[in-house]
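The values are calculated or read from the model by the stated rules, or taken from the named source; none is laboratory data. Computed from a prediction, not measured in an experiment: that's the story for all the values here. Don't worry about glycine lacking a Cβ; one is built from the backbone with ideal geometry, like all the others, and counts go over all protein chains shown. Surface accessibility is based on the protein's heavy atoms, side chains included, excluding ligands, DNA and RNA. Shrake-Rupley method; radii C 1.70, N 1.55, O 1.52, S 1.80 Å.
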Amino acid sequence: MASKIIDPAGPGGSGAPAEDGVPTSAPSGEPRAAGPDAAGRDADRAAGQYTGRAVVREADGGGRTARDPFLDNAKFLLIVLVVIGHTWPMGLVEGSRTVKAGYLWISSFHMPAFILLSGYFSRGFAGRPEQLRKLVAGVLVPYLVFEVLYTAVEAVAWGKPFRLTLTEPTFVCWFLAALFVWRLTVPLWRVIPWPVPVAALVSLAAGTSSLGQDLALPRVLMFLPWFVLGLALRPAHFARLRESRVLRWCAPPVLLAGGAVAYAVAPGTDVHWLWMSHGQAELGAGTLPYLLVRLGLFAGTALMTGAFLALVPRRTRWLTGLGALTLYPYLLHGLLTTAAHAYGWDAPLRPLGPLGAALLTACGAAVAVLLSTAPVRRLARPLIEPPVPGLNRSRRRESSPGTSEPRTA
């Protein structure tokens, strides 16, 4: 399953923090539009979150960019889980109850957690022209580039005809298509009463409807509640997870219980329930059982996501810097795993069951780190952050080659 790519800023503050913890002034190079009303001022204060930076005011009145290590740590750990999930071939997953339980365990929260963070870091999106330009340059253009690349790799490795269908996302590209749509809807969710319950109803209705695969519509709608929940969250909610000893002590038992449930249900569970790419008809479920299972998944995923975030390291670690670069391992790793599965490079490990999964897990984690390194970023930057005249000129001024931070989730 693919995951969400994010490049958020941590909730920064100024000398006098805003109520919701977002910066009270835009970062250098980011124009601030003065809004006459409170909503406009809130959007302006939050604009820094979309650029991937937060300004911290120093005593001398200057500013420096700062990130929240907790959020960057969470991003990197989640991208590692994404890569690991893609290194396990489905033949290995379905061939071992233990491996399938591990796959179900990972899939139960890593995508919703990414999407939740994507919503959280989209709170400042108000549809202003500069934000729309960044959305096109940072999400839509990479989507188009990697649709071509993934179609070409599948044609070479799997012998498929080279048929470019830009409206039907290939492999991990679905998330960029979904993020583009979700972000455009942010202003709408600001005016809808009870947005999270409404998004949940939309998700359930989508699962009981017949939807095509254009723009990954089933996933766009069925994962929607997690994005909208992220929009509703504030820094105080994450602070509670980080600072509450009770929650941190409860987190390991919750994750272990999730593993036990995954092991118990593994033999008879279709993994497509967690991919959110199949609805009721494809899963062969009646309407009432389908709705009950989806409601149970909502509850279980919320518990697992909260437990995972409660255990994320709060301080700067070796992995913190890599958390600002998740777009690179996300888009690049799928090219490697597509080729690996096509040419059978993982075939010797499939008969090993859990041991094979453990070896592939170590390999996947190493790949996630490797694809985040500066040499790889320098080589891949023209593909992932391609120069688009008139769209990303300001972005190129703000960052230097090899150290840029992806603008999107």
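Some points to look at:
- In Hz, Karplus ³J(HN,Hα) per residue of segment 188-202 (6.51, -1.76, 1.60; θ = phi - 60°; x = Gly, Pro): 5, 5, 6, 9, 7, x, 6, x, 5, x, 5, 5, 5, 5, 4
- Of the trypsin sites (Lys or Arg not before Pro) in segment 286-372, the ones in a loop by DSSP (not H, G, I, E or B) with at most 12 other beta carbons within 10 Å are Arg315.
- Residues Ile192, Ile115 ordered from highest to lowest accessible area at a 1.4 Å probe: Ile192, Ile115.
- In sequence order, segment 310-319 has phi-based couplings of 5, 9, 5, x, 8, 10, 5, 10, 4, 8 Hz under the Karplus curve 6.51 cos²θ - 1.76 cosθ + 1.60, θ = phi - 60°, and Gly or Pro positions carry x.
- Note on Ala342/Leu311: beta-carbon distance plugged into 1/(1 + (r/R0)^6) with R0 of 35 Å gives a FRET efficiency of 0.45.
- Our note on the geometry: Cα centres of segment 267-315 and segment 99-141, 18 Å apart.
- Per-peptide average of other Cβ atoms within 10 Å, ordering 144-150, 377-383, 71-77 highest first: 71-77, 144-150, 377-383
- Label zone (Leu383, point 7 Å along Cα-to-C-beta; backbone nitrogen cut-off 20 Å) within segment 80-122: 80, 82-88.
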